[in-house]
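The values are calculated or read from the model by the stated rules, or taken from the named source; none is laboratory data. In this text, all values refer to a predicted model and were calculated from it rather than measured experimentally. Heads up, the Cβs are rebuilt from the backbone with ideal geometry, glycines too, and the neighbour counts pull from every protein chain shown.
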Amino acid sequence: MANPRYISGKTPHSRETRMIFRNVDRVGWNPSIEKYLEDGGYNSFKKSLKMTPSEVTDEVKASGLRGRGGAGFPTGVKWGFIPPNNSKPVYLICNADESEPGTFKDRYILHQDPHQLIEGILISSYAVGAKIAYIYVREEFPEGAVILERAIEEARRAGLLGKKIAGTGFECEIYVHRGAGAYICGEETGLIESLEGKRPYPRIKPPYFPAALGLYMCPTIVNNVESLCHVKHVISMGGDKYSRLGTPRNTGTRILCVSGDVRKPGYFEIEVGKLTMGELINDLCGGMKKGRKLKAVIPGGSSAKVLRADETYTIRDGEGEKTIGLSDIPMDFDSLAACGSMAGSGGVIVMDDSRDMAWVLNNINTFYAHESCGQCTPCREGSLWMKKITDRMLEGGGVPSDVETLASVGDNIAGRTICAFGEACSWPTQSFVAKFPEEFKKHTKRRNVGKALNPEAKVASAGIKDKH
Amino acid sequence: MEIPKELEKSADDAIGHYPPEEKRSAALPLLHLVQQEFGFINDDAISWVADKLAVEPIKILELVTFYPGFRQKAPGEYHIRVCRTLSCAMAGCHKTMEKICEIAGIDRSKVSHHDPIAVSSDGKFSIEFAECLASCGTGPVCLVGDDFHEEVKPENAKALLQQYK
Ligand SMILES: Cc1cc2nc3c(=O)[nH]c(=O)nc-3n(C[C@H](O)[C@H](O)[C@H](O)COP(=O)(O)O)c2cc1C
Ligand code: SF4
Ligand code: FES
């Protein structure tokens with residue numbers, strides 16, 4: 001296959017390895033099945049149909065592929081959790097909720113390369129034995145949902161969906177299911193409840209691990225859009241060859257989405273672990289804006305713990321233990337975890353020295369306060385308290401005990417809730433307060449009582465705000 | 001409430017996407033169809049969806065009140081959603097919001113968590129903040145109806161609204 005040309009201005013950086021995003025911004029490309037077939041599309045699916053389902057799963061296990069939705073759990077291992085003596089139908093769900101702030105990768109796959117996703121879903125459905133796959137698309141992708149529906153129809157007409165696909169006994173249908181604007185539908189058990197037509201209240205694990213008790217209490221595999229696209233490439237090149245991309249235990253490529261105070265924000269597909277944070281910010285994103293210095297980075301979506309520009313971290317690599325700075329952190333799952341944060345969804349948010357960390361945390365807290373599903377008291381109340389405390393800090397109504405109170409609210413949510421939203425909403429508070437205490441203290445002297453300094457705090461909290 | 005024939009048919013198609021004993025799964029798809037048709041979801045629509053899926057109306061109402069994407073009141077002719085989350089906020093989305101409201105004649109002083117939408121006095125535009133729209137690298141971003149717009153800086157607000165004359 002010839003190397004594609006890209007829209008000028010959106011040409012991939014030389015450090016990128018475009019596999020999943022091969023067709024994103026490609027000159028002359030469109031999301032039709034004709035283009036996709038011309039490019040060798042659906043050959044990996046046809047190849048997989050000549051293998052047994054467990055051989056497909058074994059390739060995915062051998063590839064070392066880890067989920068790109070947030071937790072980085074090995075995809076092949078997850079598939080292996082379907083109970084062996086299962087007699088119920090099996091479902092596959094593609095998680096296209098893409099709602100973790102800072103993340104914007106699945107969007108481009110849905111809009112520009114829907115057939116790559118469909119091919120990944122077909123291979124994965126074959127491997128896990130699913131005859132029905134649902135793509136749960138967030139409501140805020142109306143155009144993406146239409147493009148997907150059209151692509152599914154094209155695939156059906158090409159005989160790639162329905163019964164006796166490609167002359168084999170395999171049958172599969174794919175349906176698009178649109179969400180309705182709630183972040184918690186990205187959490188896999190919340191998603192499943194939503195797909196069942198209910199409020200998306202996450203289920204308690206154990207016992208409700210989707211692979212055993214998922215959609216309609218049947219075994220269900222939930223995978224992220226990008227993860228499912230990787231499956232296509234694993235089958236195309238073989239698990240062993242795929243595993244040589246990236247670094248050991250952190251294989252393949254992944255898409256990093258950079259936003260915030262860099263000169264050139266955007267998406268970059270890199271080999272996992274082959275690029276450092278410093279290279280990402282300085283080389284791929286053109287560095288910080290003129291006259292500005294790096295202050296902090298949230299490396300994996302807004303729930304990932306913040307990293308401070310002048311911290312040092314101790315990590316282990318092939319050569320043993322070493323101490324590194326923020327710029328030297330390799331962009332992979334294990335290194336970011338070793339630095340006390342996470343690679344999460346690949347959403348990297350960069351902040352420069354003009355940012356007030358209390359303002360940043362208040363914005364994040366407002367998000368989580370709005371999105372808590374409300375089932376667990378610590379999360380429902382705590383997320384709102386964390387917002388209210390940072391609201392009043394910004395409005396000039398802070399009191400000296402606020403910093404401590406804020407941290408203690410965060411500490412009392414994590415680990416005490418039904419789903420990982422509890423951690424997602426408390427990690428920002430815990431890490432921002434621990435790493436930038438002086439910035440929060442600054443906001444604890446009462447001043448300008450009654451005068452809102454932050455337009456957002458005034459607007460977003462109208463009706464639910466403390467009187468002070 | 002008059003249900004057009006095509007809506008009835010689209011609803012039946014959507015119900016067909018789920019196993020026959022799991023009809024309730026079609027609740028969100030049906031609510032989307034209703035909202036697309038009428039602009040919002042009223043009590044009659046809730047009863048209609050509930051009947052179609054053979055569940056009590058409260059099971060549908062609780063969805064409409066939970067999911068931010070559903071409305072119980074009429075929006076403007078064009079409904080605008082401006083992302084307010086971190087990357088867009090750093091890119092200046094609050095100023096964009098102010099500017100759009102100023103040009104369109106929208107007063108947001110009365111919006112609240114439970115009633116987040118404000119409508120312009122002429123009924124042409126309505127607006128609300130939305131959480132991260134998954135395009136954080138090109139903020140501030142917004143949706144006008146189903147149309148997505150990137151880099152809507154305050155100075156672009158006028159041009160944005162002019163597209164919807
Ligand atoms: C609060 C919360 C929000 C989440 N949002 C998303 C999301 O928007 N997209 C996604 O793919 N996974 C999201 N996840 C992770 C999913 O629960 C699930 O682990 C993932 O879809 C599995 O896919 P993967 O193994 O391919 O990564 C979220 C998790 C939590 C706790
Ligand atoms: S942790 Fe929060 S979001 Fe998760 S179930 Fe509990 S209340 Fe809902
Ligand atoms: S923060 Fe606005 S699109 Fe993500």
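Scan the stretch A:173-181 and tell me whether some residue there is assigned to a helix (DSSP H, G or I) and either at pLDDT below 95 or surrounded by 22 or more Cβ atoms within 10 Å (Cβ to Cβ) (or both). No, that holds for no residue. Taken over the stretch B:67-93, residues that are within 11 Å of ligand 3 (Cβ to nearest atom), polar (S, T, N, Q) and in a loop (DSSP other than H, G, I, E, B) amount to 1.
Here A:ILE109 clears all of (1) within 14 Å of chain B (Cβ to nearest Cβ); (2) away from ligand 2 (no atom under 16 Å from the Cβ); (3) in a loop (DSSP other than H, G, I, E, B) except the condition numbered (3). Given the condition surrounded by fewer than 21 Cβ atoms within 10 Å (Cβ to Cβ), of a type in the set (Phe, Trp, Tyr) and farther than 30 Å from A:ALA62 by Cβ, answer yes or no: does some residue in the stretch A:132-150 qualify? Checked the stretch A:132-150: no residue is surrounded by fewer than 21 Cβ atoms within 10 Å (Cβ to Cβ), of a type in the set (Phe, Trp, Tyr) and farther than 30 Å from A:ALA62 by Cβ. Of everything listed in (1) away from every other protein chain (no Cβ under 12 Å); (2) within 11 Å of ligand 2 (Cβ to nearest atom); (3) crowded, with 19+ Cβ neighbours inside 10 Å, the single unmet condition for A:THR390 is (2). Taking the stretch A:211-278 as the region of interest, the strands (runs of 3 or more DSSP E) fully inside it that hold 1 or more residues being charged (D, E, K, R) and more than 14 Å from chain B (Cβ to nearest Cβ) are A:253-260, A:266-271.
Is it the case that A:ALA62 is under 16 Å from A:ASP240 (Cβ atoms) and more than 16 Å from ligand 3 (Cβ to nearest atom)? Answer is yes for this residue.
Summed over the stretch B:128-146, residues that are outside any helix (DSSP H, G or I) and over 17 Å from A:GLU139 (Cβ atoms) total 2. Here A:SER345, A:SER327 are screened, and the one residue that is more than 16 Å from ligand 3 (Cβ to nearest atom), polar (S, T, N, Q) and under 24 Å from the mean Cα position of the chain (by Cα) is A:SER327.
Whenever a residue of the stretch A:394-420 is assigned to a loop (DSSP other than H, G, I, E, B), its partners that are within 16 Å of ligand 3 (Cβ to nearest atom), lying with C-beta atoms within less than 9 angstrom and at least six residues away or across chains, give the pairs A:ALA420/A:GLY70; A:ALA420/A:SER303.
Being crowded, with 17+ Cβ neighbours inside 10 Å and either at negative phi or within 12 Å of chain A (Cβ to nearest Cβ) (or both) is a property that holds for B:ALA27. When the criteria are applied in full, B:ALA50 meets the requirement of being within 14 Å of chain A (Cβ to nearest Cβ) and either part of a loop (DSSP other than H, G, I, E, B) or of a type in the set (Gly, Ala, Ser) (or both). Any residue at all in the stretch A:119-142 that is more than 14 Å from chain B (Cβ to nearest Cβ), over 27 Å from A:THR251 (Cα atoms) and under 24 Å from the mean Cα position of the chain (by Cα)? No, that holds for no residue.
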